[in-house]
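One structure is given below, encoded as structure tokens.
The values are calculated or read from the model by the stated rules, or taken from the named source; none is laboratory data. Owing to the predicted nature of the structure, the values given are computational and were not obtained by experimental measurement. Note that each Cβ is placed from the backbone with ideal geometry, even for glycine, and that neighbours are counted across all protein chains shown. Side chains are part of the model used for accessible areas, which takes the heavy atoms of the whole protein and leaves out ligands, DNA and RNA. Shrake-Rupley method; radii C 1.70, N 1.55, O 1.52, S 1.80 Å.
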Amino acid sequence: TQDGSDEFEVEAHLDWALTRRLGIVFAVPLVGNQQPGNVHNVGMGDLEIAPRVMLIERDDFILASNFFITVPTGDENRDLGAGEVTLTPLLTTWHDLGDWNTLLLNFGPEFGAESGDASMTYSFSLTHSWIGASILAQGEDDDHDEDDGDDEHEHFRPGMKTVYLEMNGETQLDGDEQTLIELLPGFSYVLAESAELRFGVLFPVSSTRRFDRQYFTSFTWVY
């Protein structure tokens, strides 16, 4: 996206656990932007496919590997996509900080399959959650006396609300080695045991920027 433009993105996620340790994520974005000259572009962005492997799983720590493959389904000429396949192998760690606070870390390289452009990507997400009333009718079997027992659905409990702060960074590994850093404060709400809505506003904090603001909405369904 050209410098100085605004952008919105609405994204649908499918997170499919094939086994307890193997999974795959699909993300289909609808992207819109406002270019100089009051030109508006709206359309499908680049499709993301990410096989996932759980390497270490404990109650307070998770280590996983993700391999993001971005397919150029968005129109590059309208700044809706990158115009090439990109490959991003990532290591992901999740940390339980206690009192319903968590920290998520991601880092790894990104490569353009055709251009050969390479960069290092890194991000963190700091969250705080609490349980509130669910807007969808649920059974009474979600009693809070389960809190100290089985944690399998702890992060997908209907009515869970989460505020989060994400930082996304990217440093070019060739050329002038520019660094792009963006912040994403936001809010998520668990509609049902397998469904989550998320809202946020992404804005740059570095001198290098892709846009002035990006308004972000996503819906995730976990199988």
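Some notes on this structure:
- Among the residues making up region 22-41, a single one is open to solvent by 70 Å² or more (accessible area, probe 1.4 Å) and in contact with a Lys or Arg (Cβ under 8 Å, 6 or more places away or on another chain): LEU22.
- Among (1) open to solvent by 50 Å² or more (accessible area, probe 1.4 Å); (2) in a strand (DSSP E or B); (3) among the β-branched types (Val, Ile, Thr), the one test that ILE62 misses: (1)
- Which numbered condition GLU11 fails, given (1) under 17 Å from the mean Cα position of the chain (by Cα); (2) open to solvent by 40 Å² or more (accessible area, probe 1.4 Å); (3) within 18 Å of THR121 (Cβ to Cβ): (2)
- Any chance GLY83 is open to solvent by less than 50 Å² (accessible area, probe 1.4 Å), free of Cβ contacts under 8 Å to residues at least 12 places away in the same chain and assigned to a loop (DSSP other than H, G, I, E, B): yes
- Test: residue in region 65-73 that is surrounded by 16 or more Cβ atoms within 10 Å (Cβ to Cβ), at negative phi and of a type in the set (Gly, Ala, Ser): no
- GLY116 falls short of the stated requirement of being at pLDDT 95 or above, at positive phi and loosely packed, with under 15 Cβ neighbours inside 10 Å.
- Any hit, region 184-197, residues being open to solvent by 30 Å² or more (accessible area, probe 1.4 Å), at pLDDT below 95, among the aliphatic types (A, V, I, L, M) and within 16 Å of the chain's Cα centre (by Cα): yes
- Summed over region 198-211, the residues that are open to solvent by 50 Å² or more (accessible area, probe 1.4 Å) and not in a strand (DSSP E or B) give a count of 4.
- If you filter region 65-88 down to residues that are acidic (Asp, Glu) and touching a strand residue (DSSP E or B) at 6+ places or on another chain (Cβ under 8 Å), you find that the one that is nearest to GLN214 (Cα to Cα) is ASP79.
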